Amino acid sequence: MKRNYYEILGVPRDAADADIKKAYRKLALQYHPDRTNGDKTSEEKFKEINEAYSVLGNPDKRSSYDMYGDNFERIGTGHEDIFGGSIFEDLIGDVFSDFFGGRRSSRNRKVRGKDVEAVLELEFEQAVMGIEKEFNIKRTGVCDACSGTGAKPGTKPNTCRTCGGAGQVNYRQGFLTVTKTCRVCNGSGYEIPDKCRDCSGTGRVLKEETIKVHIPPGVDNDSVLRIQGKGSEGYNGGPAGDLHVIIKVKDHPVFKRDGQDIIVDIFISYAQAILGDAIKVHTLYGEEELKIPAGTDSGEVFVLKHKGVSSPYDKRKGDQIIRIHIEVPKHITDRQKELLKEFDEISRIYSKNNSKGVFDKVKDLFQ
Ligand SMILES: [Zn+2]
Ligand SMILES: [Zn+2]
């Protein structure tokens, strides 16, 4: 359910126009993308506030809204592209003019570029140890040929004849006045008679760039590195957006990761489990000797302190956790069988609670 426009702006239904404008200005400043660092919830809120104000801020639309409530046709405001030139920017420009002095056209407003996402796949060790990584990114930027005007070098854009440079047109639909983004100029307020060939008149081109990123030790799957200023370039000299590098870490055949701990499964024979042994285990930092005490059970866990992964935040190191599994052979020789039977018979004598050996118990089960 959509909230009612008065609730969104936090004003009573009989609020004066000036109070609506004041409430909107306060909220818009609070949730403006330039101030909230691309926070998604704020962005949604900002759109909501603008939608509410595009209706309540206009006396004609407001009275229709009061009369028809939710059946009021919501005006398309081109909200999809929050950083692009659209009708609501004009709206903001209008309200903000009191703050910044003078009316600005959307064409000249500084607008921050969009944030861009890239996925970077790392080998397990690279993520654990950190690495300097070079990779290519694509982002939109100002067309160098026309300096972003969209006009062929040596020519200039003209004021749009359809909207007179306002970027939007009003028309009547029944008793409603509907405002739409100008189709001829897409809200820019300009027409380009001779388009720049490099950008087809858009003023923007896709740019490819190689960047070097320092991946700190300890990044994990789905970690996001934010690289400031490497998103899309801004409009009219506005700042560039940020690049969000999403880390994907490949699986390792031996090591598994659980936060900062490394988990390794080790398989030992039952003889090793019973008699004990000293075995070599792989760690991230080379081989280590691990003493398996006599009488080790399957599922027992040994910890090698500080042989895990450093935290990218505070440099604390995790541990390596070794899980022991006793491997039961599927095929044994007659000689092995003979020795095991003998072993079992002797075991019966020493067994505390079993008068019967393993083989007898199994036989009993099937009788
Ligand atoms: Zn161009
Ligand atoms: Zn126009």
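In the range 256-327, if every C-alpha pair distance is counted and binned at 10 Å from zero, what percent goes to each bin?
21, 48, 24, 7, 1
Using a 1.4 angstrom probe with every protein chain in place, what is the largest-first accessible-area order of T181, T283?
Largest accessible area first, the list is T181, T283.
At 1.4 Å probe size, what's the solvent-accessible area of D14? Round to the nearest 10 Å².
130
Just the number, please: carbon plus sulfur as a percent of the accessible area of the range 122-162, 1.4 Å probe, no ligands or DNA/RNA counted.
Summing carbon and sulfur atoms, their accessible area is 46 percent of the total for the range 122-162.
Between their Cα atoms, which of K21/K110; K61/K230; K26/K138 are more than 30 Å away from each other?
K61/K230; K26/K138
How much accessible surface does Y235 have with a 1.4 Å probe, in Å² rounded to 10?
Only protein atoms counted, so the area is about 70 Å².
Taking the range 111-198, which chymotrypsin sites (Phe, Trp or Tyr not before Pro) meet the DSSP loop condition and have no more than 14 other C-beta atoms within 10 Å?
Taking the range 111-198 and a limit of 14 other Cβ atoms within 10 Å, the loop chymotrypsin sites (Phe, Trp or Tyr not before Pro) found are F175.
Which percent, nearest 5, of DSSP beta bridges in the range 256-327 are antiparallel?
Within the range 256-327, antiparallel bridges account for around 65 percent of the total.
State to the nearest 20 debye the size of the charge dipole of the range 138-293 about its Cα centre, where the only charges are +1 on K and R beta carbons and -1 on D and E beta carbons.
Taking the Cα centre of the range 138-293 as origin, the dipole is about 1400 debye.
Could you report the accessible area of V328 in Å², rounded to 10, computed with a 1.4 Å probe on the protein chains as they sit in the structure?
The value for V328 is about 100 Å².
What dipole magnitude, in Debye to the nearest 20, does the range 5-75 give about its Cα centre under +1 on Lys/Arg Cβ and -1 on Asp/Glu Cβ?
The dipole magnitude comes to about 260 debye.
Counting only protein heavy atoms and a 1.4 Å probe, tell me what percentage of the range 256-327's accessible area is made up of carbon and sulfur.
52
Would you mind working out the accessible area per residue for the range 225-295, using a 1.4 Å probe, and quoting it in Å²?
53
Could you tell me which of rounded, prolate or oblate describes the range 130-217, using a ≥ b ≥ c as the square roots of the eigenvalues of the alpha-carbon gyration tensor, with rounded for a/c under 1.5 and, failing that, prolate when a/b is larger than b/c and oblate otherwise?
oblate
Order the following by accessible area, largest value first: H331, H32, H282. Probe radius 1.4 Å; ligands, DNA and RNA are ignored.
Ranked from most to least accessible, the order is H331, H282, H32.
Under a 1.4 Å probe, what is the accessible area of the range 5-75 per residue, stated in Å²?
Per-residue accessible area for the range 5-75 comes out at 53 Å².
The values are calculated or read from the model by the stated rules, or taken from the named source; none is laboratory data. What you see is a predicted model, and the numbers here were worked out from it, not measured in a lab. Here the Cβ is made from the backbone with ideal geometry for all residues, glycine too, and neighbour counts use every protein chain on show. When the accessible area is computed, the model is the full protein with side chains, heavy atoms only, and any ligands, DNA or RNA have been set aside. Shrake-Rupley method; radii C 1.70, N 1.55, O 1.52, S 1.80 Å.
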